[in-house]
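**Q** One structure coming up, written as structure tokens, with questions to follow.
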Amino acid sequence: DVSQFFVKSIDKKSSNHQVYKLGGSKCFSWIQIMQILSEACGRKKIMLPVPAIAVRLLAILFDRFRWFPITREQIDMLISGNTCNSSNLYSEFEIKELNFSKNNLEYLS
């Protein structure tokens, strides 16, 4: 979706010098995001209920290794959240929203 907004904004004069907050229409929990990403990557992940701070501490030690499933930065972004309502922008730019789903994340596998 972001690339479509970027391309369409090039010819749209009213988008010059504008900042757009883009986001999907559905909110996901940390667990839902991890499950969808895991499925999209074709990997089965064991998920245990662990506080985010504990996972972040592990990431400080292990995120440099490919086998560790998440980086510090990714944990920080998941914790802080990143929701916004962009429905008016999808209409204005005539873009059909793609769902955050396994099928739309096939490029990760």
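**Q** What number comes out for the charge environment of residue 40, summing +1 per Lys or Arg and -1 per Asp or Glu over other residues with Cβ under 10 Å away?
**A** Counting the neighbours of residue 40, the net charge comes to 0.
**Q** With unit charges on the beta carbons (Lys and Arg positive, Asp and Glu negative) and the dipole taken about the Cα centre of the range 65-109, which residue among 100, 80, 65 sits farthest to the positive side?
**A** Among 100, 80, 65, the one farthest towards the positive end of the dipole of the range 65-109 is 65.
**Q** Take 47, 34, 77 and sort them by solvent-accessible surface of the protein heavy atoms, 1.4 Å probe, largest at the top.
**A** 77, 47, 34
**Q** Choose one of 89, 4, 52: the residue whose Cα lies farthest towards the positive end of the charge dipole of the chain (beta-carbon charges +1 Lys, Arg; -1 Asp, Glu; about the Cα centre).
**A** 52
**Q** Can you show me the helix-derived [θ] at 222 nm for the chain, built from DSSP H runs with n ≥ 4 at -39,500 (n - 2.57) apiece and divided by the number of residues, rounded to the nearest 500.
**A** About -12500 deg cm²/dmol.
**Q** So, one more: What are the aspartates and glutamates whose alpha-carbon lies under 13 Å from the alpha-carbon of residue 96, with same-chain residues fewer than 8 places away excluded?
**A** Correct list for residue 96: 1.
**Q** How much of the accessible area of the chain, in percent, comes from carbon and sulfur atoms when a 1.4 Å probe is used?
**A** Here carbon and sulfur together make up 57 percent of the probe-accessible area.
**Q** For P(r) over Cα pairs in 10 Å bins from 0, in percent, pick the label among (i) 12, 36, 31, 18, 4; (ii) 14, 49, 32, 4, 0; (iii) 14, 38, 33, 14, 2 that corresponds to the value derived from the coordinates.
**A** This structure yields the entry labelled (i).
The values are calculated or read from the model by the stated rules, or taken from the named source; none is laboratory data. Remember, it's a predicted structure, so these values are computed and weren't measured experimentally. So basically every Cβ, Gly included, is an ideal-geometry build from the backbone, and we count neighbours across all protein chains shown. Just so you know, the surface numbers come from the protein's heavy atoms only, side chains and all, with ligands and any DNA or RNA stripped out. Shrake-Rupley method; radii C 1.70, N 1.55, O 1.52, S 1.80 Å.
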